[in-house]
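The values are calculated or read from the model by the stated rules, or taken from the named source; none is laboratory data. No experiment lies behind these values; they were computed from the predicted model shown. Here the Cβ positions follow ideal geometry from the backbone for every residue, glycine too, while neighbour counts run over all protein chains shown. Just the protein is used for accessible areas: all its heavy atoms, side chains included, with ligands, DNA and RNA removed. Shrake-Rupley method; radii C 1.70, N 1.55, O 1.52, S 1.80 Å.
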Amino acid sequence: MPSTAPWDLFCRVIDNYGDAGVCWRLAAQLASRGTPVRLWIDDPAPLAWMAPQGAPGVTVLPWREPFDAQGHTPGAVWIEAFGCELPEAFVAARQADPVWLNLEYLSAEGFVERQHGLPSPVMSGPGRGLTKWFYYPGFTARTGGLLREDDLAARQAAFDPAAWRAAQGLPAAPGAHWITLFCYEPAALPGLMASADAHWLVTAGRATAASAGLPLAPGAQRHALPHLDQRGFDELLWASDLNFVRGEDSLVRALWAGKPFVWQIYPQHDDAHHAKLEAFLDWLDAPADLREWHRRWNGMDARPAAWPGWRAVDAWGETVRAARERLWARDDLATQLAGFVATKG
């Protein structure tokens, strides 16, 4: 059952807006089901284009240091997203023991199933004696699931790619292929853009900067897009024949889109992301050529990344849709999260 008391969700925007994107989607979905959410965020600026209309039941509050509760009393459920560490003043102001969750990053690695749902006693500070619970999103039945809106399937079924492109001012191009580019700065990008015969839909920010001035294949065109809100980003992926995505939130959206995609994982200085990527490709049951493209796109293989051709790309789509069917069979993250909280409250 939904809670009429607000949940407190804390988010720090570390880099590239993915943290804000995940937290906003979670807050909006919980609120749509009757659980109001206070989203405490240290940089609300991305929400101005990511979610310009807001969402009923979601209150966005600035997270400043020193912490200012702005007249609010801590609720009965706290979510610290991605280990952001709650303000001590907030913890000290509690009036009852909360259900305190550490919402972790998404991974397909084996430790996720082992650690999902485990308790973590708080040993010091104003929260001493309380318990945090590890909550891991994931792809399997022994994890916390993925964010998926209740109306997602209906929206996809009603979507018209040609109408969407026309609404964006993109040219009518019968028979053309469309590629979404949402990336960091992959070394394989110049070679790809010079060989792929497509209309490139280049997202605002780092992808625009990384692709600026790169030569295109004969007949290819480049289209610079403005920042899109979250619904618009979903529709961008649905309107494309191949999606290059990066980070956590867009990976999940690419899976739900059911289109061929290549994921650029967030790079870590110790190359820990390599194992994370391989674990995901194992879960995806990716064929050899799709694995090879992921490794080259992520800098794990320095050999030139030859354009595979549209026939190969179409086959990747079959792999993605099979994975999506496995995910549809499981409850979404918000549903599982609410159920988990109910067992701890």
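Taken residue by residue, segment 84-93 has no member that is surrounded by fewer than 19 Cβ atoms within 10 Å (Cβ to Cβ) and under 20 Å from the mean Cα position of the chain (by Cα). Please tell me if Asp43 is of a type outside the set (A, V, I, L, M) and in a helix (DSSP H, G or I). Criteria not met by Asp43.
Pairs meeting the criteria (first residue in segment 283-300 and in a loop (DSSP other than H, G, I, E, B), second residue open to solvent by less than 40 Å² (accessible area, probe 1.4 Å) and polar (S, T, N, Q), beta carbons under 9 Å, at least 6 apart or on different chains) are Asp285/Thr319; Ala286/Thr319; Pro287/Thr319; Asn298/Gln264. Do we find that Ala286 is open to solvent by less than 20 Å² (accessible area, probe 1.4 Å) and of a type in the set (Gly, Ala, Ser) in this structure? Taking the combined requirement at face value, the residue satisfies it.
One line per residue, one yes/no per condition, for (1) small (Gly, Ala, Ser); (2) part of a strand (DSSP E or B):
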position	(1), (2)
Gly21	yes, no
Arg25	no, no
Ala31	yes, no
Arg38	no, yes
Pro56	no, no
Thr59	no, yes
Asp68	no, no
Cys84	no, no
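Filtering segment 94-122 to residues that are surrounded by fewer than 14 Cβ atoms within 10 Å (Cβ to Cβ) and closer than 22 Å to Tyr266 by Cα leaves Gly110, Phe111. One residue stands out among those in segment 71-83 that are open to solvent by 30 Å² or more (accessible area, probe 1.4 Å) and at pLDDT 95 or above: the one that is nearest to the chain's Cα centre (by Cα), which is Ala76.
Every condition in (1) open to solvent by 20 Å² or more (accessible area, probe 1.4 Å); (2) in contact (Cβ under 8 Å) with a residue 60 or more places away in the chain; (3) part of a loop (DSSP other than H, G, I, E, B) holds for Pro308 except the one numbered (2).
Of all residues in segment 133-150, those that are of a type outside the set (Ser, Thr, Tyr), in a strand (DSSP E or B) and in contact (Cβ under 8 Å) with a residue 40 or more places away in the chain total 1. Within segment 170-197, the residues that satisfy the criterion of being in a loop (DSSP other than H, G, I, E, B) and in contact with a Ser or Thr (Cβ under 9 Å, 6 or more places away or on another chain) are His177, Phe182, Cys183. Within segment 109-131, the presence of a residue that is in contact with a strand residue (DSSP E or B) (Cβ under 7 Å, 6 or more places away or on another chain) and under 28 Å from Gly232 (Cβ atoms) is excluded.
Among the residues of segment 221-247, those identified as among the charged types (D, E, K, R) and surrounded by fewer than 21 Cβ atoms within 10 Å (Cβ to Cβ) are Arg222, Asp229, Arg231, Asp241. Of these, Ala275, Ala188, Ala198, Ala207, which one is open to solvent by less than 10 Å² (accessible area, probe 1.4 Å) and either touching a residue at least 40 places away in the same chain (Cβ under 8 Å) or among the acidic types (Asp, Glu) (or both)? Result: Ala198 is the single residue among Ala275, Ala188, Ala198, Ala207 that is open to solvent by less than 10 Å² (accessible area, probe 1.4 Å) and either touching a residue at least 40 places away in the same chain (Cβ under 8 Å) or among the acidic types (Asp, Glu) (or both).
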